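To start, the structure under review is shown below, and the notes come after it.
Nothing in this text is a laboratory measurement; each read-out follows from the coordinates by a stated rule. These numbers come from a predicted model, not from an experiment. Positions of Cβ are backbone-derived with ideal geometry, glycine not excepted, and every protein chain shown enters the neighbour counts.
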Amino acid sequence: MERGDLPNLLLADEKGIILEHPYLKMVGFNGRESVPIPREGLVKLPPFSKLFYLPGVRPVGLDQERGTLEVVEELYVKGRGKIRPYAVAAFLSPGYVRTHLPAGHPEADRPLLPLWAYTAAGAYEDGIYGAAFLVEKNPKWDPRNYDDRDILPRVKELKRRYPQNRLLKHLSHCALSNHCFAAKNLFLGRWEAPVPTSRVCNAKCLGCLSDQEDERIRSHDRIRFRPSVGEIVSLFGPHLTYAPEPIVSFGQGCEGEPLTEYLLIGEAIEALRSTTDRGVINLNTNGSWPERIKSLCEAGLDSLRVSLSSAREPFFNAYHRPLNYTLKDVVEGLKVAKTSGVFSMINYLIFPGVTDERDEFEALSLLIEETGVDFIHLKNLCIDPWVYLGALPSERSPLMGLKRFHEALKERFPHVNFGYFNQVPKGMAL
Ligand code: SF4
């Protein structure tokens, strides 16, 4: 098979069996159009990446000879006859930033896709490649470090020690059934561990992991009770005291907005800090209440990570659908954290064709200047691409490409660090 410089198009049959197209080449969707991606714009799929087929989305590939894009409605497969193929996408393991969406033609009656970061993928002779670049390599999140055979005895031991602790029961389910790595860390006594507390939220994000009308789309079960300060401190006091490089994080995928429980969290922070001054106490939040952030900073918070889909108000509103706050409050919250001496981060939910718009670059640059954030997570937004694009304002600006966007930010803000995972701030005593 003649492959040339571009990878071959991948497609799937009705059962999800993945095939290579005999001559069409892979293209990626940059949010505006489907374009060929040369080898230097692709990475070989790292271990533990996944491949998906997209029901109701027909694949689109490039006929190099004719120079045309083709929607593959059907394909003749030797020994099987005609199939009606589906588009294929990759989900790259954490640390990689997606640059292109899968090119596809969505049919009107297709099912919605669950919440993953669908990435353009194609095949070279030596394997499958995806449209992405690496922003942070962090062995702490390598799946090989999370063997349930090590975790099970620790779950048993902690349950024996704290038989009444509801938070422990909740987190053991997160660790063993939902395979949350942060929850596994609690039982393995190391690194970042999660403290879910909140049952409600003041936003309706399109890609919320724990609140979706369609249950098949929802990936996390929201916590259903309010833990007590005692339940929190008995689990996380020892974690901060003894774990290597400990981070205790309020605000997780399996809860609502932690600022709705700021009084409980403030009390818990003070109680934790009365047991040890070791480690990092972090808050992952939508950043909606500056005065509540201030009170948590005063209670002893060390770092704050605010999730943000866009620095432009109409785009921010279209995704987060805030109920009682605005982007201005979020900016204020970041400023409050910074002036309180708290390490401040943006969990920037990036998406090809939206994040890399010129106007977004300028708006984010202003936001960085105004807030003085220390760190920006380049986090792929996990959502059905066509749902997200369909919800956004129609007025758009020229694209830079996500790689160039990242480089330009680094050039303009050399003191800001970029990555993918929560960090232990430099110089913090552990
Ligand atoms: S802020 Fe978080 S919990 Fe609230 S809707 Fe958005 S993603 Fe869900």
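Decide, for segment 142-230, between rounded, prolate and oblate: order the square roots of the alpha carbon gyration tensor eigenvalues as a ≥ b ≥ c, take rounded if a/c falls under 1.5, and otherwise choose prolate if a/b is larger than b/c, else oblate.
oblate
For LYS184, go through the lysines and keep the ones whose alpha-carbon is under 22 Å away, minus same-chain ones fewer than eight residues off.
LYS50, LYS137, LYS140, LYS156, LYS159, LYS169, LYS379
Take every DSSP beta bridge with both residues inside the chain and express the antiparallel ones as a percent of the total, to the nearest 5.
60
What number comes out for the charge environment of VAL135, summing +1 per Lys or Arg and -1 per Asp or Glu over other residues with Cβ under 12 Å away?
+3
Quick query: amide H of GLU136 versus all other amide H atoms, modeled in the peptide plane; which residues come in under 5 Å with a sequence gap of 5 or more or a different chain?
Distant-sequence amide H within range of GLU136: zero hits.
Taking amide hydrogens as modeled 1.01 Å from N in the peptide plane, which residues meet the under 5 Å criterion relative to ASN202, leaving out close sequence neighbours?
Here the answer is GLU257, since their amide H atoms fall under 5 Å of that of ASN202.
At a 10 Å Cβ-Cβ cut-off, how would you order ARG166, ARG216, fewest neighbours first?
Neighbour counts put them in this order, fewest first: ARG216, ARG166.
Could you grab the relative contact order for segment 329-388? Cα pairs under 8 Å, six or more apart, rounded to a whole percent.
48
How would segment 8-134 be classified by its alpha-carbon gyration tensor: rounded, prolate or oblate, with rounded meaning a/c under 1.5 and the a/b versus b/c comparison settling the rest?
It comes out rounded by the Cα gyration axes.
Can you tell me the 0 to 90 degree angle between the C-alpha axis of helix 290-299 and the longest principal axis of the chain, rounded to 10?
50
Given a cut-off of under 8 Å on Cα pairs at least six residues apart, what relative contact order in percent is computed for the chain?
So the answer I get is 14 percent.
Using a simple spin-label model with points 7 Å from Cα along the Cα→Cβ vector, what separation in nm is obtained for ARG226 and LYS169?
Distance between the two pseudo-spin positions: 1.9 nm.
Roughly speaking, what is the stretch gain from SER365 to GLU395, that is 0.36 nm per residue apart minus the C-alpha to C-alpha distance, in nm to one decimal?
8.8 nm
Which whole-number percent is the relative contact order of segment 8-134 (Cα, under 8 Å, 6+ apart)?
32
Rounded to the nearest 500 deg cm²/dmol, what is the calculated helix-only ellipticity per residue at 222 nm for the chain, with -39500 (n - 2.57) per DSSP H run of length n ≥ 4?
-9000 deg cm²/dmol
Using Cα atoms only, what is the angle between the long axis of helix 262-275 and the major principal axis of the chain, expressed in degrees (0 to 90) to the nearest 10?
60
Computed FRET efficiency, Cβ-Cβ of GLN64 and ASN317, R0 35 Å: what is it to the nearest 0.05?
It comes out at approximately 0.25.
When LYS294, LYS156 are ordered from fewest to most other Cβ atoms inside 10 Å of their Cβ, what list results?
Least to most surrounded, the residues fall as LYS156, LYS294.
Using only the Cα atoms of segment 140-419, what do you get for the radius of gyration and for Dmax, in Å?
Gyration radius and largest Cα-Cα distance of segment 140-419: 18.9, 59 Å.
Using the Cα atoms of segment 252-305 to build a convex hull, what is its mean projected area in square nanometres?
3.6
Using each residue's phi in segment 68-82, evaluate 6.51 cos²θ - 1.76 cosθ + 1.60 at θ = phi - 60° and report the 3J(HN,Hα) Karplus result to the nearest Hz, with x for Gly and Pro.
10, 8, 10, 8, 8, 7, 8, 9, 8, 10, 3, x, 10, x, 7
Could you name the aspartates and glutamates in cross-link range of LYS78, using Cα to Cα under 19 Å and dropping any fewer than eight places away on the same chain?
Excluding near neighbours in sequence, the set is GLU2, ASP13, GLU14, GLU20.
Take PHE133, PHE91 and order them by how many other Cβ atoms sit within 10 Å, fewest up front.
PHE133, PHE91
Given the options THR119, THR371, THR339, state which has the largest fluctuation in a GNM of the chain using a 10 Å cut-off (strictly under) for Cα springs.
Taking springs between Cα atoms under 10 Å, the residue moving most is THR339.
Enter the angle in degrees (range 0 to 90, nearest 10) between the Cα long axis of helix 148-161 and the first principal axis of the Cα atoms of the chain, meaning the one along which they spread out most.
Roughly 30 degrees, rounded to the nearest 10.
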